[in-house]
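The values are calculated or read from the model by the stated rules, or taken from the named source; none is laboratory data. Everything quoted here is computed from the prediction, not taken from an experiment. Backbone-built Cβ (ideal geometry, glycine too); neighbour counts: all protein chains shown.
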2 protein chains.
Amino acid sequence: MKKIQEEVVIGIDLGGSAIRLSTVTKRGRIINPRRIGIAGRRYKDHILTSIIYNVLDIKSLENTRRNKVVAVGIGSPGIIDFSKGTIISSPNFPDWKDVPLRSLLERSLDLPVTLENDANAAAFGEKWKGAGRGVNSLICMTMGTGIGGGIILNGNIWHGAHGMGGEVGHMTVNPEGPLCNCGNNGCLEAYSSATGMVRSAVESINGGKRTILIKLSGGDNNKITAKMIHEAALQGDSVSINILTEAGKYLGIAIASLMHILNPEMIVLTGAVTGAWDFFMPAAKKEVEKRAYKAMVEKTKIVPGMLIDSAGIVGAAGLAMKQLGLLKL
Amino acid sequence: MKKIQEEVVIGIDLGGSAIRLSTVTKRGRIINPRRIGIAGRRYKDHILTSIIYNVLDIKSLENTRRNKVVAVGIGSPGIIDFSKGTIISSPNFPDWKDVPLRSLLERSLDLPVTLENDANAAAFGEKWKGAGRGVNSLICMTMGTGIGGGIILNGNIWHGAHGMGGEVGHMTVNPEGPLCNCGNNGCLEAYSSATGMVRSAVESINGGKRTILIKLSGGDNNKITAKMIHEAALQGDSVSINILTEAGKYLGIAIASLMHILNPEMIVLTGAVTGAWDFFMPAAKKEVEKRAYKAMVEKTKIVPGMLIDSAGIVGAAGLAMKQLGLLKL
């Protein structure tokens, strides 16, 4: 009889352009992460098949290492019914409607599966192994294409009464502000996400502003990205610097409101947009200092995430371990 | 030996103009409430003496009824250090700085004392015996001179990491909006509190608008009150109707953001301003429907408080009972 070396969990981060998955140890270490591109093949059956194939493959590989995979944790975008383990709908996957993801996977994998919202999983990852270690309450804001959020209170994810909590990207930061993808005006996401910043850049160009973004994008507005805006800002482009400053200003307004409402110990900012930290953070801090109570400003830590791309995988795996009683947090 | 009829608690609501206190039974019934006016005598020793005298008086009265007072619960405005039972500072009482209210009262009264923020106590009162009975998560917004808030999650008050959570009145609802008492611009309180509405009225009058508020106030802007604005609106005064509509609009913007962040089961609106419900609520609902996710709008109840003036007393008493294990919620 083979002796089991270690119990491990497979963490999965289901994103709009890739499925990322990895073995995660009980100490939160990531082993051999994989990235399965799904751009253009986002339909349900393809994604389910890819997940199942890769989990089973990792499971047998771990077996040869004498590690035992005991559970799967998955972080997925979309609105989730946590009691049923169902994806009600997902912005990234239009054909996902009431998909019983947890039971589908459990049946195929013969393993317990924990299903969590992607931003919540990332928040839990940062709490367990990242910037929020030892912190009891935090709000993790994921700044990428959109702005997601995960709220940890007393060490646990706050899901809300109907599983829809933590949507900090859709706080109104300016009632008459630009239209957001959600249909509302002036959401934080409409200013401070990659999408919001690109919209700002296109408006500036269409308004006749001089900017090296025109050169960098080859004159094609559709090619402008948040990363390009950051690069232009690094080269001193004033339009791009203003866009990042404005993104920071509205981020600061949202953070000050969150501090008044929840008074968390820490705010963790993560996601691709945080690469431009030095450009947006001074404006954000200025607003926080202007708007929040002095005692809160002094006591609340506002920090970048530490796990970068792996927060979601680590968090989803940690939640699966917590479910099994393997992790006390 | 006298047989004890019932164990009761004394609930205290410490307000800017009065101390209100009452015996509260384990079933949440209020017996013989008292109101001790303190306007003009808000200094610390006077308030402490008044509280102690009245609690001891009620205690001996309850004794003749063979009820046993087993604890005191007090809801106080201001920033509170919950671990120490200290009032760090209070907007209503300028000479209160680091007052160890809990230990001062416990020593004089020979009873266990539970100290809570006034808005949190009101939220707990509504959860225990008011609009929020049976509800697991709610946000109670107290709309009076200012706008306070209490957040109940999983049946418990969320204090925040430093005891400063629930300050929903200081969410920014319009970054360039009017100056708030807190020093920030465009807080919810600057629009939708009694103070905010009076400011709006004075601005309208100074701007030359025709309104019966001039007649009702005898031409003295300092005499305008939120109640007067409500009365004028009932008489069809368009300036007053607009003020209440604007207050509702910004309230709705704040509620939609709170729903996105916390997705509570219920929002309870209480305080004197809610008397004008029919004037501000349609505008508030319109903003919520425009801004919040459809599924949230359908599922979240937005209701008026049920305990009116006694939410704070009932809540403070309930928290004291909870502390003693007499109340499971």
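Once region B:94-107 is narrowed to residues that are out of contact with any strand residue (DSSP E or B) (no Cβ under 6 Å at 6 or more places or on another chain) and under 22 Å from B:LEU56 (Cβ atoms), the residue that is surrounded by the most Cβ atoms within 10 Å (Cβ to Cβ) is B:LEU104. Restricting attention to region A:293-309, the residues being within 10 Å of A:GLY130 (Cβ to Cβ) and within 8 Å of chain B (Cβ to nearest Cβ) number 0.
Kindly check whether there is at least one residue in region B:75-84 that is assigned to a strand (DSSP E or B), farther than 28 Å from B:GLY163 by Cα and in contact with a Ser or Thr (Cβ under 7 Å, 6 or more places away or on another chain). So that I can check it myself, show each step before the final result.
The initial filter retains those residues of region B:75-84 that are assigned to a strand (DSSP E or B), namely B:75-76, B:79-81.
Still in the running and farther than 28 Å from B:GLY163 by Cα: none.
Checking region B:75-84: not a single residue is assigned to a strand (DSSP E or B), farther than 28 Å from B:GLY163 by Cα and in contact with a Ser or Thr (Cβ under 7 Å, 6 or more places away or on another chain).
Residues of region A:252-279 being part of a helix (DSSP H, G or I) and more than 12 Å from chain B (Cβ to nearest Cβ), which ones? I'd like the intermediate steps shown before the answer.
Of all residues in region A:252-279, those part of a helix (DSSP H, G or I) come to A:252-262, A:272-279.
Residues satisfying the conditions are A:ALA272, A:VAL273, A:THR274, A:GLY275, A:ALA276, A:TRP277, A:ASP278, A:PHE279.
In region B:121-139, the count of residues that are of a type in the set (Val, Ile, Thr), in the same structural domain as B:LEU258 (by TED's automatic domain parsing) and under 19 Å from B:GLU189 (Cβ atoms) is one or more. Those helices (runs of 4 or more DSSP H) of region B:93-207 in which 2 or more residues are more than 14 Å from every other protein chain (Cβ to nearest Cβ) and not aliphatic (A, V, I, L, M) occupy B:101-109, B:118-129, B:194-206.
Which residue, of A:GLY73, A:GLY85, is surrounded by 15 or more Cβ atoms within 10 Å (Cβ to Cβ), under 18 Å from the mean Cα position of the chain (by Cα) and not hydrophobic (A, V, I, L, M, F, W, C)?
A:GLY73
Put simply, of A:THR64, A:THR145 the only residue that is at pLDDT below 95 and surrounded by fewer than 18 Cβ atoms within 10 Å (Cβ to Cβ) is A:THR64. Going by the structure shown, is B:SER83 under 22 Å from B:GLY325 (Cβ atoms), of a type in the set (Ser, Thr, Tyr) and not assigned by TED's automatic domain parsing to the domain that holds B:GLY148? Yes: the conditions hold for B:SER83. Tell me, yes or no, whether region B:216-238 has at least one residue that is in contact with a Phe, Trp or Tyr (Cβ under 6 Å, 6 or more places away or on another chain), more than 9 Å from chain A (Cβ to nearest Cβ) and either buried (at least 18 other Cβ atoms within 10 Å of the Cβ) or in a loop (DSSP other than H, G, I, E, B) (or both). Within region B:216-238, one or more residues are in contact with a Phe, Trp or Tyr (Cβ under 6 Å, 6 or more places away or on another chain), more than 9 Å from chain A (Cβ to nearest Cβ) and either buried (at least 18 other Cβ atoms within 10 Å of the Cβ) or in a loop (DSSP other than H, G, I, E, B) (or both).
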